[in-house]
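Q: Attaching a single structure in structure tokens format; questions to follow.
Bear in mind that the values in this text are calculations on the coordinates, not laboratory data. This is a predicted model, so every value here is computed, not measured. Backbone-built Cβ (ideal geometry, glycine too); neighbour counts: all protein chains shown.
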Amino acid sequence: MPEPLPLANHSVDAELRQRARQVIPGGLWGHLNAARLPEGYPQYFASAEGCRLRDVDGREFIDFMCSWGPVVLGHHHPAVEAAAQEQAARGDCMNGPAPVLVELAELLVEMIPHADWCQLAKNGTDATTTCVTVARAATGRRKVLVARGSYHGAVPWCSPSVAGVTAEDRAHLLTFEYNDPASLDAAVAEAAGDFAAVIVTPFRHDFGREQELATTAFARHLREVCDTTGAALILDDVRAGFRLHLGGSWETLGVRPDLAAYSKAIANGHPLAAVTGRERFREAATQVYSTGSFWCGAVPMAAAIATLRELRRIDGPARMRALGERLREGLDHLARRHGLAIRQTGPAQMPLMTFADDPEWRKGDAFCAGALRHGAYFHPRHNMFLSCAHGEVDIDQALEAADAGFRSVSALI
């Protein structure tokens, strides 16, 4: 069992939080606010390398959040950073794109079977919003179907927040239950002849609830409904893209979308997003106005080319799956040894572990706080992320930290 990291009083971290509160609303925004995590979690970090993080107070952790998904090869991957630096020496934000724009688009169209074309952007929300807009332009319809509780970005049309969002912002959204074909059919009927698109995540990964893999029957039913009605099937692959399958997360189900949104892991931490689409939607994509001041930045595109080539070379999804399964088996073994009931859901590359009979997350928080003190950065409510930088030694060390986390849970009972 490793020695626990010093709790200290997080002097540097505490000072930065205090300073931030004076100049940033709430100190920080959204899911990145560590105040929502168990006691002891750092807010500010000094460095990262591979699958390791070091906070501003000098504590080191094995990272199972990977910057909430963008880091897929490991922090500061040498091939990616070399490509980024080489492009930066030539130019980044210029009056127009560099040649890497075309090179990356060609690579994405080559890798992703459904893709006949590609557009690039910066954030996952850019990509999902573009998909919905292109679908409406192509069909001349308005209604978009979304799974109840699903997250597709942080803008009014799909934001989980109600503050500042009007009913008009969501006037043309209809909801259905994930993995429920009958519920989907009811929403399609409600849309009547105004059904433009359905947007769906590859698996259910709503915050604070167990994950749920898509069934083949559900995915195929979605495809059939869209084929019959002429609506667009949009796969929101922002979170899972390039971790489950390099050709799209539903390739293993034999279902391909009309449009797909990517971001997170596409450039190993460099800011980039992509929309891919079938030929039918190419003309509509030329009619939709979508742009951004930094969308033609060349450095992230060079990083993306290096990232995707490396993932293909090493079969990154298979590597992450194997390591995730090692973690999952180890957590199961430890939980049984401590007499604790846990549930592990979602794909092994993007795991979530929850405790039975834990409605207020007391067990989950105690586990994560205990593991953190022994050097593993887990999350109690959000799906976690494996990267290709994790190795068997890292997983085994993390399981030692998890053992301390389970002991913390046992102390509550």
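Q: Using a ≥ b ≥ c from the Cα gyration tensor of segment 78-314 (square roots of the eigenvalues), is it rounded, prolate or oblate, where a/c under 1.5 gives rounded and otherwise the larger of a/b and b/c decides, a/b for prolate? Could the numbers behind the result be given before it?
A: Values: a/c = 1.80, a/b = 1.60, b/c = 1.13.
Taking the square roots of the gyration eigenvalues as a ≥ b ≥ c, segment 78-314 is prolate.
Q: Rounded, prolate or oblate, given the Cα gyration tensor of segment 106-228, with a/c below 1.5 counting as rounded?
A: Rounded is the answer for segment 106-228, as its axis ratio a/c remains below 1.5.
Q: Post the alpha-carbon centroid distance, segment 150-191 to segment 275-347, in whole angstrom.
A: 24
Q: Right, next: Using a 10 angstrom cutoff on alpha carbons, build the Gaussian network for the chain and name the most mobile of T201, T139, T128.
A: T139
Q: Using Cα positions and a limit of under 22 Å, work out the lysines in reach of K122, with same-chain residues fewer than 8 apart set aside.
A: Partners found: K264.
Q: A follow-up question, please. With contacts defined as alpha carbon pairs under 8 Å and 6 or more residues apart, what's the relative contact order of the chain in percent? The partial results should precede the final answer.
A: Working: 793 pairs, mean separation 95.5, N = 413.
It comes to 23 percent, rounded to a whole number.
Q: Hey, got a sec? Which GluC sites (Glu not before Pro) in segment 11-113 land in a DSSP loop and have at most 14 other Cβ atoms within 10 Å?
A: Those that pass, being in a loop and sparsely packed, are E39.
Q: By how many degrees, 0 to 90 and rounded to 10, does the Cα axis of helix 392-410 deviate from the longest principal axis of the chain?
A: Roughly 70 degrees, rounded to the nearest 10.
Q: Sort T307, T215 so that the residue with the fewest other Cβ atoms within 10 Å of its own Cβ comes first and the one with the most comes last. Mind showing how you got there, number by number?
A: On the way: T307 29, T215 14.
The most exposed by this proxy come first: T215, T307.
Q: For the chain, take the longest principal axis of its alpha carbons; what is the angle in degrees between that and the long axis of helix 316-337, to the nearest 10 within 0 to 90?
A: Approximately 40 degrees, to the nearest 10.
Q: Still on this structure, please answer the following. How do L120, L213 rank when sorted from fewest to most other Cβ atoms within 10 Å of their own Cβ?
A: Ascending number of Cβ neighbours within 10 Å: L213, L120.
Q: Under 10 Å, Cα contacts only: if you run a Gaussian network model on the chain, which one of Q22, Q119, Q287 comes out with the highest mean-square fluctuation?
A: Among Q22, Q119, Q287, the largest mean-square fluctuation in the Gaussian network model of the chain belongs to Q22.
Q: Here's something else I'd like to know. Taking neighbour counts of Cβ atoms within 10 Å as a proxy for exposure, in what order, fewest first, do H382, H205 appear?
A: Going from sparsest to densest Cβ surroundings: H382, H205.
Q: For the chain, what is the calculated [θ] at 222 nm in deg cm²/dmol (nearest 500), taking -39500 (n - 2.57) for each run of four or more DSSP H residues and dividing by its residue count?
A: -12000 deg cm²/dmol
Q: Rounded, prolate or oblate: which one fits the chain, using the alpha carbon gyration tensor with axes a ≥ b ≥ c (rounded when a/c is under 1.5, else prolate when a/b beats b/c, else oblate)?
A: Cα axes put the chain in the prolate bin.
Q: Of all chymotrypsin sites (Phe, Trp or Tyr not before Pro) in segment 246-352, which ones are in loop regions per DSSP and have a Cβ with at most 16 other Cβ atoms within 10 Å?
A: Filter output for segment 246-352: Y289, F294.
Q: Pick from A284, A20, A115 the residue whose mean-square fluctuation is largest in a GNM of the chain, springs joining Cα atoms under 10 Å.
A: Fluctuation is largest for A20.
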